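Reading through the structure tokens given below for one structure.
The values are calculated or read from the model by the stated rules, or taken from the named source; none is laboratory data. Keep in mind it's a predicted model, so treat the numbers as computed, not measured. Quick note on the areas: whole protein, heavy atoms, side chains included, nothing else; ligands and nucleic acids left out. Shrake-Rupley method; radii C 1.70, N 1.55, O 1.52, S 1.80 Å.
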Amino acid sequence: MKRDVTVHPLASPWGRFSLYSFFIDAPEAAIVDTGIASSPAEGMAPALASLGRSIEDVRWILLTHGHIDHVGGAHALWELTGRRAQLVIHAADAPLLRSRQAHVDEYACGRGRYLGDPDGAASQAKAAQTIISGEVEPTLLLHGGERLPLGGGVTVCAHSIPGHTAGSVAYVIDGQNDAFVGDAVQVHGAANGFPGYVDPDAYRSSLRYLRDEVRPRHLYLGHPYRTAAGTPYGLRLDRKQAAAALTESLDVEARVRDAAEQAVLAGLTENDSPYSPFDSAAAALGYTGDPRLEPSPFFTTLHGYRARLTRQL
Ligand SMILES: [Zn+2]
């Protein structure tokens with residue numbers, strides 16, 4: 001019987017957040033997600049050295065999606081591998097790897113519309129400049145369904161799981177069903193206490209697909225997402241915890257959907273509430289977190305429901 005491939009978590013702190021990356025110790029070693037610009041040199045290199053491995057051994061850089069705290073270190077890590085690693089991302093999120101400006105545009109088209117911050121776009125541009133180590137062209141573009149060879153018969157399947165972003169991907173180690181999903185499973189959200197996704201219908205379908213079809217033996221999350229009690233999940237969820245987190249994420253999505261639909265159908269009006277124009281949805285959900293704290297999942301998500309309902313009406 002073939003021995004399981006070992007997975008080592010690599011965590012790096014960033015402000016209120018904890019960024020998780022993962023080292024897949026295959027013959028052609030892989031790192032899932034890259035943190036921010038400083039993460040590869042300051043977090044990953046020493047962590048790999050303590051495992052007796054070198055960052056130069058890494059042959060695959062697998063990005064779960066294009067957000068700044070996942071692709072920020074990609075260029076730096078790729079350079080540390082002598083540009084020998086494959087740099088892998090879904091086609092729909094590839095613009096976020098190629099271009100810092102794409103992050104500013106995404107902000108302006110979504111949550112930025114509600115934050116009313118005249119300096120918002122400039123702050124985003126500054127953050128992209130410092131947090132992203134470099135603009136880089138991916139070496140392999142995914143569309144979902146690809147099987148990546150990590151040597152010695154180890155393969156990883158890339159599943160398209162849009163919702164959190166259009167190009168979110170689950171990387172699943174074949175045969176042992178370890179699934180790396182980045183931010184595609186939000187439960188109650190991370191530090192902001194609210195789940196973030198741009199496309200509610202896709203988010204719901206992807207959660208169902210993960211729970212009912214992929215059925216992970218281990219689920220690796222991109223941040224310490226929280227339970228209903230506010231307790232953060234650990235780095236690795238076992239099969240039972242994974243199924244529970246997926247069901248809980250679906251329940252939370254259903255509650256947010258109800259509140260969003262009622263608010264939109266009642267008519268959205270601008271007002272002085274920090275949750276404006278979705279203040280009635282925040283009240284219905286009992287959400288008292290600060291909706292302006294970046295990355296503002298409250299506005300990203302509510303805007304997604306609003307756009308979907310507006311298309312339908
Ligand atoms: Zn994200």
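Annotations for the structure displayed:
- The residues of the stretch 165-313 expose, per residue, 42 Å² of accessible area to a 1.4 Å probe.
- Close amide-amide hydrogen proximity is noted between Y225 and Y233, each under 5 Å apart and 5 or more residues distant or on a separate chain (H modeled in the peptide plane; Pro and chain starts excluded).
- Taken over the stretch 111-242, the ratio of Cα radius of gyration to 2.2 N^0.38 Å equals 1.19.
- Residue of L207, L150, L51 that the Gaussian network model of the chain assigns the largest fluctuation, springs spanning Cα pairs under 10 Å: L51
- Rounded to the nearest whole Hz, the Karplus-based 3J(HN,Hα) values (6.51 cos²θ - 1.76 cosθ + 1.60, θ = phi - 60°) of the stretch 264-274 follow the sequence 5, 5, 6, x, 8, 10, 5, 7, 7, 5, x, with x at glycine and proline.
- Relative contact order (percent, whole number), the chain, Cα cutoff 8 Å, 6+ residue spacing: 14
- The fraction of Cα-Cα pairs per 10 angstrom bin, counted from 0 for the stretch 34-94, comes to 26, 55, 18, 1 percent, rounded to whole percents.
- Percent carbon-and-sulfur accessible area, the stretch 46-201, ignoring ligands, DNA and RNA, probe 1.4 Å: 52
- Portion, in percent, of the accessible area of the stretch 243-285 that falls on carbon or sulfur, probe 1.4 Å: 50
- Residue-normalised accessible area of the stretch 66-131, expressed per residue, 1.4 Å probe, Å²: 42
- Every pair of different Cα atoms in the stretch 1-142 enters the Kirkwood calculation, which places the hydrodynamic radius at 15.6 Å.
- Between the alpha-carbon centres of the stretch 107-126 and the stretch 224-268 there is a gap of 26 Å.
- Building the convex hull from the alpha-carbon atoms of the chain and averaging its projection over directions returns 15.4 nm².
- Interatomic Cα distance distribution for the stretch 69-147, bins of 5 angstrom, percent: 3, 15, 22, 20, 17, 11, 7, 3, 1
- The stretch 180-223: C-alpha gyration tensor shape, a/c 1.5 cut-off, then a/b vs b/c: oblate
- For the stretch 1-76, the ratio of Cα radius of gyration to the globular rule of thumb 2.2 N^0.38 Å stands at 1.06.
- Computed over the chain with a Gaussian network model linking Cα atoms closer than 10 Å, the most mobile of S133, S99, S123 is S123.
- A Gaussian network model of the chain, with springs between Cα atoms under 10 Å, assigns the largest mean-square fluctuation among P232, P297, P118 to P118.
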